[in-house]
1. What do you get for Rg/Rh of the chain when both radii come from the Cα atoms and Rh is the Kirkwood radius?
2. Quick one: putting +1 on the C-beta of Lys and Arg, -1 on the C-beta of Asp and Glu, what dipole do you get for the chain around its Cα centre, in Debye to the nearest 20?
3. Over the chain, what is the relative contact order in percent, taking alpha-carbon pairs closer than 8 angstrom and at least six residues apart?
4. Looking at the chain, what % of its DSSP beta bridges pair antiparallel, to the nearest 5?
5. Taking only Cα atoms, what is the 0 to 90° angle, nearest 10, from helix 32-52's long axis to the longest principal axis of the chain?
6. Test of understanding: what is the full-extension gain from L35 to K3, defined as 0.36 nm times their sequence separation minus their Cα-Cα distance?
7. With 16 Å as the cut-off, how large is the P(r) tail for the stretch 121-177, expressed as percent of Cα-Cα pairs?
8. Using the Kirkwood radius built from alpha carbon pairs, what does the Stokes-Einstein equation give as D for the stretch 71-153 at 25 °C and 0.890 mPa s, in µm² per second?
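What follows is calculated from the coordinates using simple rules that are stated; it is not laboratory data. It should be emphasised that the depicted structure is a prediction, and the values quoted were computed from it without experimental measurement. Quick reminder, even Gly has a Cβ in these numbers, built from the backbone with ideal geometry, and neighbours come from all protein chains shown.
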Amino acid sequence: MFKRTSELGCFKIISEVGISSGIRRIEALSGQSVLNFLSERSLLVNQLSELLKSNPKQLFERVNILQSELIIKNKEIKKIKEELASYKYSSLLNSVEKFGQCSILVSELNDLEGNLMQTSALNLTSKLGDNSVVILGGVPDKSNKKLLFVISLGSILVSNGLHAGKLINKIAGYALEEEEAKQILLRQEQIILRS
């Protein structure tokens, strides 16, 4: 224990937190601990300076520049993905089938995130008209193997009582049943091969 504050030597507050009304918790280092803390910080600053090819005084500015560049690049990637989605769904217009007055498009559309697949379905429905059904399914990421379905209905079909949510549930049910059947067959084959 210290008898005088002068015995503390260097003193560095490292955090301050309000723990209840009118009470603050202050965490601090003193003496050799401060020097060790500052040495670690100095090492970290030097490593960041080396990594970011900047001098320590310009680190903050360099990180801001990199963040701005990252935002711009992410916007460019998003735009490219949207253009790719547009190209993919536009090529599907050739496979539209007519049933009486209704235009139906059912297709697999892989490598598109959910929001892009939804936008594609809505754009296709608007191109096909108010009496159209667009059903798209696909795997957005091959490493994930998650299957997505999107249904978009024209306004005439909606006013006649069709409900996209109910249709998607039926389609998903069939897909699950088919997948379960495949798993059962695989298990049976493995049992037969072991016998």
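1. 1.30
2. Details: 25 positive and 21 negative charges, 132 e Å.
My answer is approximately 640 debye.
3. Numbers: 191 pairs, mean separation 19.8, N = 195.
Worked out over the chain, it gives 10 percent.
4. 75 percent
5. Roughly 40 degrees, rounded to the nearest 10.
6. Numbers: separation 32, 0.36 × 32 = 11.52 nm, distance 2.13 nm.
Extra length from L35 to K3 when fully extended: 9.4 nm.
7. 48 percent
8. 186 µm²/s
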